[in-house]
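Participant: Below is the structure I would like to discuss, written out as structure tokens.
The values are calculated or read from the model by the stated rules, or taken from the named source; none is laboratory data. This is a predicted model, so every value here is computed, not measured. Neighbour counts run over all protein chains shown; Cβ positions are idealised from the backbone, glycine included.
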Amino acid sequence: MKNDLVLRVVAKLLIPFILLFALYVQFHGDFGPGGGFQAGVILAAAVIFYALIYGLAAARKVVPERVVESMMAIGVLVYAGVGVAGLLLGGNFLDYFVLDRNSVLGQHRGIFWVEVGVATTVSGVMLKIFYMFSDRGHVDDE
């Protein structure tokens, strides 16, 4: 598929919209269906789509393995950090209302950061799984 001009052009047109949709799902998750998990999967799907069209080596240049592994760790740290911040501010683990003087804003802020952590972790894990399975018995296609 790397040499198919139509697929390459369509991919260049679609991938930005897929990424934009992932952001929409992430930020709209507070108000309706969606959130971190779904946004993380959509983000990973955009990179996987890129890898299918342009090749695994090109995808690894865009999102290297060390970035994927960092995403997994950073996402978990963000999630846990929100919980620890709640503890340090006098609440329970993942008590969002203590994150701001206005409890409603604290809830919103806490949910936002938890969802960012979930999206980052899910996206990293999905890409790590894809990279691991795509390496099995595969000669690099540079």
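Participant: Which of the residues belonging to the range 99-122 are under 14 Å from residue 89 (Cβ atoms) and in contact (Cβ under 8 Å) with a residue 24 or more places away in the chain?
Facilitator: If the condition is that a residue be under 14 Å from residue 89 (Cβ atoms) and in contact (Cβ under 8 Å) with a residue 24 or more places away in the chain, then 110, 113 are the ones that fit.
Participant: So how many residues does the range 117-137 have that are farther than 15 Å from residue 44 by Cβ and either of a type outside the set (Gly, Ala, Ser) or in contact with a His (Cβ under 9 Å, 6 or more places away or on another chain) (or both)?
Facilitator: Total satisfying the criteria: 2.
Participant: Quick one: is residue 66 touching a helix residue (DSSP H, G or I) at 6+ places or on another chain (Cβ under 6 Å), without any contact (Cβ under 8 Å) to a residue 24 or more places away in the chain and assigned to a helix (DSSP H, G or I)?
Facilitator: Values: touching a helix residue (DSSP H, G or I) at 6+ places or on another chain (Cβ under 6 Å): no; without any contact (Cβ under 8 Å) to a residue 24 or more places away in the chain: yes; assigned to a helix (DSSP H, G or I): yes.
Answer is no for this residue.
Participant: Looking at the range 105-116, can you tell me whether even one residue there is part of a loop (DSSP other than H, G, I, E, B), surrounded by 19 or more Cβ atoms within 10 Å (Cβ to Cβ) and modelled with pLDDT under 90? Spell out how you get there, then give the answer.
Facilitator: Narrowing the range 105-116 to residues part of a loop (DSSP other than H, G, I, E, B): none.
No; the residues of the range 105-116 include none that is part of a loop (DSSP other than H, G, I, E, B), surrounded by 19 or more Cβ atoms within 10 Å (Cβ to Cβ) and modelled with pLDDT under 90.
Participant: Look at residue 90 and say whether it is small (Gly, Ala, Ser), at positive phi and outside any helix (DSSP H, G or I).
Facilitator: Against the criterion (small (Gly, Ala, Ser), at positive phi and outside any helix (DSSP H, G or I)), residue 90 qualifies.
Participant: Could you pull out the residue among 130, 93 that is among the aromatic types (Phe, Trp, Tyr) and surrounded by fewer than 17 Cβ atoms within 10 Å (Cβ to Cβ)?
Facilitator: 93
Participant: Among residues belonging to the range 5-58 that are free of Cβ contacts under 8 Å to residues at least 12 places away in the same chain and assigned to a loop (DSSP other than H, G, I, E, B), point out the one that is nearest to residue 116 (Cα to Cα).
Facilitator: This residue is 34.
Participant: Would a scan of the range 42-61 turn up a residue that is over 30 Å from residue 4 (Cβ atoms) and surrounded by fewer than 20 Cβ atoms within 10 Å (Cβ to Cβ)?
Facilitator: Step one: of the range 42-61, the residues over 30 Å from residue 4 (Cβ atoms) are none.
Taking every residue of the range 42-61 in turn, none turns out to be over 30 Å from residue 4 (Cβ atoms) and surrounded by fewer than 20 Cβ atoms within 10 Å (Cβ to Cβ).
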